[in-house]
Amino acid sequence: MVAPSASDILAGVDPQAFVDGMKTTLWQILAVRDRELVRLAESKRRAEMADLLRGALRNEMEAAEIAARWMPTTAETEVKVAFARQAGDEARHYQLVADRLRELGGEVPWPAFYDEERSRLYRYLEGLETTVERVAAAQFTREAIGYKANELFIAYCEACGDETTARLYREQIQPDEKHHHEWGERLLVSLAADEESQAAVRKAVLRTLELAEELRSLAAGRLLVETLPGC
């Protein structure tokens, strides 16, 4: 997936129209990943499910930690609550995936595993200071990326005959990812109220897309599979 230039992202003046335009453009960009469905046959069995789930654990842990890290420095009550809800949801996802990994005979990494090599996406999110940037990058964009990636991962699991993992993602994880993205969308309508904040949103969306794609490409190259869980 090639990240768009800034000119490809719709601008807006009215906050609702601006966010609607951003949402339409974001999902159009993410729809490019649907072409990966045709590669399911050649991707099947290339990677062990345990390896894919260990990667998913890293994504869930990073998402939970970022949301928890932001909560104390967020002034807006509704956003603070949104980050708290997300941190709890991502922690629950982590536990669900860890339990499934154990069922498959895999070993859940030690805590130090997550501290050894933080992703560039995590480092970028960690450095965001304004609420509007944080919501745009993490909830609005990253959660949409995760939702789309999980759709493809579910199809991959089904193609491999692993209905248990597919059902876990479809019924337990995807509803939360969708909720996080939609909550972020609603929050942006109130946060992106002027040209300066809207410019910050565009920049955060673009950078998150770029770094998430870089992270996906690195993992796909290592595991030889395109349909990876999470972003």
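Any read-out appearing in this document is the output of simple, stated calculations on the displayed coordinates, not a laboratory observation. Bear in mind that the values here come from a model prediction, so they are computed numbers and not experimental data. Positions of Cβ are backbone-derived with ideal geometry, glycine not excepted, and every protein chain shown enters the neighbour counts.
Structure values in brief
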read-out: Helices (runs of 4 or more DSSP H) completely within region 48-131 that count 2 or more residues being among the charged types (D, E, K, R) and in contact (Cβ under 8 Å) with a residue 60 or more places away in the chain; value: 49-70, 77-103, 120-127
read-out: Scope region 148-175; condition surrounded by fewer than 21 Cβ atoms within 10 Å (Cβ to Cβ) and polar (S, T, N, Q); matching residues; value: T164, Q172, Q174
read-out: Condition check for T74: more than 14 Å from the chain's Cα centre (by Cα), surrounded by fewer than 16 Cβ atoms within 10 Å (Cβ to Cβ) and of a type in the set (V, I, T); value: no
read-out: Pairs with Cβ under 6 Å, 6+ apart, first in region 196-207 and in contact (Cβ under 8 Å) with a residue 12 or more places away in the chain, second charged (D, E, K, R); value: A200/E133; A204/E133
read-out: Selected residue (criterion: farthest from the chain's Cα centre (by Cα)) from residues of region 77-102 that are basic (K, R) and closer than 21 Å to E185 by Cα; value: K80
read-out: Tally of residues being in contact (Cβ under 8 Å) with a residue 60 or more places away in the chain and under 17 Å from the mean Cα position of the chain (by Cα) across region 144-167; value: 8
